[in-house]
Amino acid sequence: MIGSLAIVGVMIGLMIGRLTTPDPSVLQQVDVTDDGLVVWFNNEPKLHGEIIDGTVALLFQAEGRAQKGQLKLNGKDVNWRTRLSDGGLLLTVLAARPLQGEWAGSKVDDRWRLEIHLREQ
């Protein structure tokens, strides 16, 4: 009897925990803009960003598939790619010359958008 009550209690606790746990953040798309990128997620992920030796590196606590692409900044090529790492989803943006970047996120409809604006160092 006590064992049955314990099992029912555990099951109810698991169901409540499942309802209150937010959906994992998932990268949905990457758009190229005139001066950078716009990345779209289903909800706001935790984010850590750095500029390391002229490379913009953003680490998201999110899921997503590996992708890569290219954009033009002042007529010069800039490469970007996403890949899964131990810490989450890593987005790197690099070019032949050092880059600086600024990023800002906002909620748009039911999604989260991060705008990344790039400039040469």
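The values are calculated or read from the model by the stated rules, or taken from the named source; none is laboratory data. Predicted model only: the values in this text are computed from it and were never measured. Cβ coordinates were reconstructed from backbone atoms using ideal geometry, including for glycine residues, and neighbour counts include every protein chain displayed.
Restricting to the range 48-60, count the residues that are within 14 Å of the chain's Cα centre (by Cα) and either loosely packed, with under 13 Cβ neighbours inside 10 Å or closer than 19 Å to D110 by Cβ (or both).
Total meeting the criteria: 3.
Can you work out which of the residues in the range 61-84 that are hydrophobic (A, V, I, L, M, F, W, C) and part of a strand (DSSP E or B) is nearest to the chain's Cα centre (by Cα)?
Ranking the qualifying residues of the range 61-84, first place goes to L84.
What number of residues within the range 98-121 are surrounded by 13 or more Cβ atoms within 10 Å (Cβ to Cβ) and within 17 Å of V26 (Cα to Cα)?
Total meeting the criteria: 6.
Inspect the range 69-82 for any residue being at pLDDT 95 or above, of a type in the set (S, T, N, Q) and touching a Ser or Thr at 6+ places or on another chain (Cβ under 9 Å) and give the result as yes or no.
Yes.
Filter the range 80-97 down to the residues that are more than 27 Å from P24 (Cβ to Cβ) and exposed (fewer than 14 other Cβ atoms within 10 Å of the Cβ) and list them by number.
A96, R97
Filter the range 51-66 down to residues that are more than 14 Å from Q28 (Cα to Cα) and among the charged types (D, E, K, R), then give me how many there are.
Number of matching residues: 1.
Please give the number of the condition E44 fails out of (1) assigned to a loop (DSSP other than H, G, I, E, B); (2) exposed (fewer than 14 other Cβ atoms within 10 Å of the Cβ); (3) not aliphatic (A, V, I, L, M).
Evaluating E44 over (1) assigned to a loop (DSSP other than H, G, I, E, B); (2) exposed (fewer than 14 other Cβ atoms within 10 Å of the Cβ); (3) not aliphatic (A, V, I, L, M) leaves (2) as the failure.
Considering the range 4-51 alone, what residues qualify as being over 25 Å from R65 (Cβ atoms) and at pLDDT below 65?
Matches in the range 4-51: G17, R18, L19, T20.
Which numbered condition trips up D109, out of (1) at pLDDT 95 or above; (2) at positive phi?
Result: D109 passes all but (1).
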